[in-house]
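Following: one structure in structure tokens, then a few remarks.
The values are calculated or read from the model by the stated rules, or taken from the named source; none is laboratory data. These figures come from a predicted structure and were not determined experimentally. Cβ atoms come from the backbone with ideal geometry, glycine included; neighbour counts cover every protein chain shown. These area figures cover heavy atoms from the full protein model, side chains too; ligands, DNA and RNA do not enter into them. Shrake-Rupley method; radii C 1.70, N 1.55, O 1.52, S 1.80 Å.
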Amino acid sequence: GAGVSQTPSNKVTEKGKYVELRCDPISGHTALYWYRQSLGQGPEFLIYFQGTGAADDSGLPNDRFFAVRPEGSVSTLKIQRTERGDSAVYLCASSLTGVGGYTFGSGTRLTVV
Amino acid sequence: GDSVTQMEGPVTLSEEAFLTINCTYTATGYPSLFWYVQYPGEGLQLLLKATKADDKGSNKGFEATYRKETTSFHLEKGSVQVSDSAVYFCALSDRGGNNRKLIWGLGTSLAVNP
């Protein structure tokens with residue numbers, strides 16, 4: 001597609017529920033990143049995919065967070081047993097290997113109540 | 001570990017004023033440096049970048065020079081416009097490449113009044 005698409009744009013869920021956030025990167029971009037951004041903060045790195053594999057998942061805060069990219073394109077960030085502290089804007093970005101910087105999506109605003 | 005420190009906001013300027021937003025970094029090795037901008041209601045956009053010492057990134061009238069001796073990458077614009085009102089983020093890429101995680105400053109909010 002023309003840009004990085006993230007769905008849904010907003011998600012409100014109850015504490016303890018499971019959520020999935022989707023990212024559709026720019027066609028042909030092999031690298032895909034997930035970040036989250038809390039109010040008044042810079043983005044915090046979560047995980048980076050090169051193709052289908054997670055090249056660096058050191059930013060995932062705990063084992064409730066998991067992400068997949070089974071065909072090397074669309075990625076899903078999965079959060080189990082959500083907690084109020086998970087509330088943030090979850091950002092996805094993609095890049096073409098070795099060229100330029102990232103292109104970010106508009107983010108998914110997750111609110112856990 | 002690597003880190004980025006940028007000046008706190010908010011910064012409020014009148015149109016046509018000169019803008020400087022300070023950014024300093026701590027890193028091992030030779031990182032690439034970036035400025036991203038987030039306009040109200042929009043996603044993060046790459047504004048400019050520099051990949052090695054003494055490089056100058058520029059875009060839309062904004063400039064920043066990679067200063068290794070002072071570990072800085074200050075953002076400047078000679079004459080700001082109302083449309084420049086946004087949050088500006090300084091970031092570095094560890095290992096000096098594009099396909100690596102970015103480490104971010106906290107962001108500086110800029111408001112330009114007519």
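Listing for the model above:
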item	result
Selected residue (criterion: farthest from the other protein chains (Cβ to nearest Cβ)) from residues of the range A:104-113 that are open to solvent by 30 Å² or more (accessible area, probe 1.4 Å) and over 16 Å from B:Gly41 (Cα atoms)	A:Val113
Qualifying positions in the range B:1-58 - over 16 Å from the mean Cα position of the chain (by Cα) and under 27 Å from A:Arg109 (Cβ atoms)	B:Thr12, B:Pro40, B:Gly41, B:Glu42
Subset tally (residues that are under 18 Å from B:Trp104 (Cα atoms) and open to solvent by less than 50 Å² (accessible area, probe 1.4 Å)) for the range B:46-76	10
Test: residue in the range B:7-20 that is part of a strand (DSSP E or B) and under 19 Å from A:Gly40 (Cα atoms)	yes
Unmet criterion (only one of (1) more than 8 Å from chain B (Cβ to nearest Cβ); (2) buried (at least 18 other Cβ atoms within 10 Å of the Cβ); (3) modelled with pLDDT under 95) for A:Thr52	(2)
Pick from the range A:65-98, criterion more than 19 Å from B:Gly43 (Cβ to Cβ) and at the interface with another protein chain (Cβ under 8 Å from one of its Cβ atoms), ranking: least open to solvent (accessible area, probe 1.4 Å)	A:Gly98
Looking only at the range B:77-100, and only at residues there that are open to solvent by 50 Å² or more (accessible area, probe 1.4 Å) and at pLDDT below 95, the one that is nearest to the other protein chains (Cβ to nearest Cβ)	B:Arg100
Unique residue being small (Gly, Ala, Ser) and over 27 Å from A:Tyr90 (Cα atoms) when the list is B:Ser72, B:Ser85	B:Ser72
Tally, over the range B:17-45, of residues that are surrounded by fewer than 17 Cβ atoms within 10 Å (Cβ to Cβ) and without any contact (Cβ under 8 Å) to a residue 12 or more places away in the chain	3
Some residue of the range B:107-114 being over 23 Å from A:Ala93 (Cβ atoms) and either without any contact (Cβ under 8 Å) to a residue 12 or more places away in the chain or open to solvent by 60 Å² or more (accessible area, probe 1.4 Å) (or both)	yes
Residues satisfying the stated conditions in the range B:1-16, i.e. more than 13 Å from chain A (Cβ to nearest Cβ) and loosely packed, with under 15 Cβ neighbours inside 10 Å	B:Thr12, B:Ser14, B:Glu15, B:Glu16
Test result for A:Glu14, more than 14 Å from the chain's Cα centre (by Cα), modelled with pLDDT of 95 or more, more than 24 Å from B:Phe89 (Cβ to Cβ) and open to solvent by 60 Å² or more (accessible area, probe 1.4 Å)	yes
Residues of the range A:68-113 satisfying the condition of being in contact with a Phe, Trp or Tyr (Cβ under 6 Å, 6 or more places away or on another chain), hydrophobic (A, V, I, L, M, F, W, C) and farther than 24 Å from B:Val37 by Cβ	A:Leu77, A:Ile79
